[in-house]
1. When you scan the range 153-183, how many residues do you find that are surrounded by fewer than 16 Cβ atoms within 10 Å (Cβ to Cβ) and at pLDDT 85 or above?
2. Evaluate the range 68-88: report whether one residue or more is loosely packed, with under 13 Cβ neighbours inside 10 Å, of a type in the set (Asp, Glu) and at pLDDT 70 or above.
3. Of these, Ala149, Ala132, Ala125, which one is surrounded by 15 or more Cβ atoms within 10 Å (Cβ to Cβ), of a type outside the set (Val, Ile, Thr) and over 27 Å from Ile67 (Cα atoms)?
4. Search the range 33-62 for residues that are not assigned by TED's automatic domain parsing to the domain that holds Gly95 and pair each with any residue that is part of a helix (DSSP H, G or I) and of a type in the set (Lys, Arg) when their beta-carbon atoms are under 6 Å apart and the residues are at least 6 apart or on different chains.
5. If you take the residues in the range 237-252 that are modelled with pLDDT of 80 or more and either exposed (fewer than 15 other Cβ atoms within 10 Å of the Cβ) or within 23 Å of Val154 (Cα to Cα) (or both), which one is nearest to the chain's Cα centre (by Cα)?
Amino acid sequence: MIFHELWAAPQLTSGSPNIQGWSQIGELVAAFVLSMAIGIERDIRQKSAGMRTHTLVGVGAALFVLISKYGFNDILNPGYIVLDPSRVAAQIVSGVGFLGAGLIFVRRDSVRGLTTAAAVWLTAAVGAACGAGLILLAIATTVIYLVVATVFPVVSRKLPHSASVISVIRVRYPDGQGILRRVLALATSRGFTLSEISTESLGYQRAIRTNVAQSNEGASMVSVTLHVRGQALVNDLVAALSELQGVNAVLADDADFENE
């Protein structure tokens with residue numbers, strides 16, 4: 001009897017057709033425009049992830065949300081197949097998190113890349129909001145991002161910074177090319193005072209940065225540790241040191257020795 005009831009259970013039937021039309025295309029276009037606006041700002045600043053990356057992330061996130069909302073109507077059947085579209089948002093957050101982490105890990109030899117990774121993560125949120133039909137929230141978030149990216153750096157430079165805080169900067173470069181002299185000159189020209197300098201020979205290592213001359217591959221590498229203090233932004237100094245010809249890697253840490 002039970003066997004017969006199992007076989008006699010109602011079969012799944014197709015639901016209503018999947019939804020796709022101008023409304024969904026409009027949400028994709030909104031994600032495209034807003035994501036591109038964020039990417040243009042990153043491109044202007046010549047960051048590793050620019051307009052193409054941000055636009056693809058935003059449009060992709062919007063499409064995932066649209067698929068989750070409208071892409072399974074043909075198989076839905078109350079009591080048999082029930083889908084939760086909100087679960088896609090959580091997957092987008094975790095998936096884009098790996099992409100943003102990749103941007104940071106690729107540039108693990110310097111402190112640059114954090115803002116770009118955060119921008120990619122936010123772009124995915126903007127795209128998801130567009131896909132969910134929350135266009136006003138997506139526009140407001142994009143405006144907030146542009147304010148943070150353009151206005152906050154100016155405000156940060158005008159804020160008073162403690163001159164007693166010591167930062168540790170480690171610079172790696174090929175030996176015997178006078179790079180240390182340029183590093184010290186650049187640090188002092190930006191208003192930093194050097195309280196301690198130490199060097200360490202790293203032996204022969206392969207150069208990993210593109211601004212190191214091809215002839216330097218396999219050269220003896222040196223790591224110099226600088227204890228600097230000043231009212232200027234340490235991140236700006238690190239960025240400038242990273243652009244010096246021959247510099248292989250730059251890493252900065254905070255070390256307020258006076259308060260320890």
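The values are calculated or read from the model by the stated rules, or taken from the named source; none is laboratory data. Small disclaimer: the values here were computed from a predicted structure and weren't measured. Glycine also receives a Cβ, built like all others from the backbone with ideal geometry; neighbour counts cover every protein chain displayed.
1. Residues that pass the stated criteria total 1.
2. There is at least one residue in the range 68-88 that is loosely packed, with under 13 Cβ neighbours inside 10 Å, of a type in the set (Asp, Glu) and at pLDDT 70 or above.
3. Matching residue, one of Ala149, Ala132, Ala125: Ala149.
4. Here the result reads none, with nothing in the range 33-62 linked to a residue that is part of a helix (DSSP H, G or I) and of a type in the set (Lys, Arg).
5. Ala239
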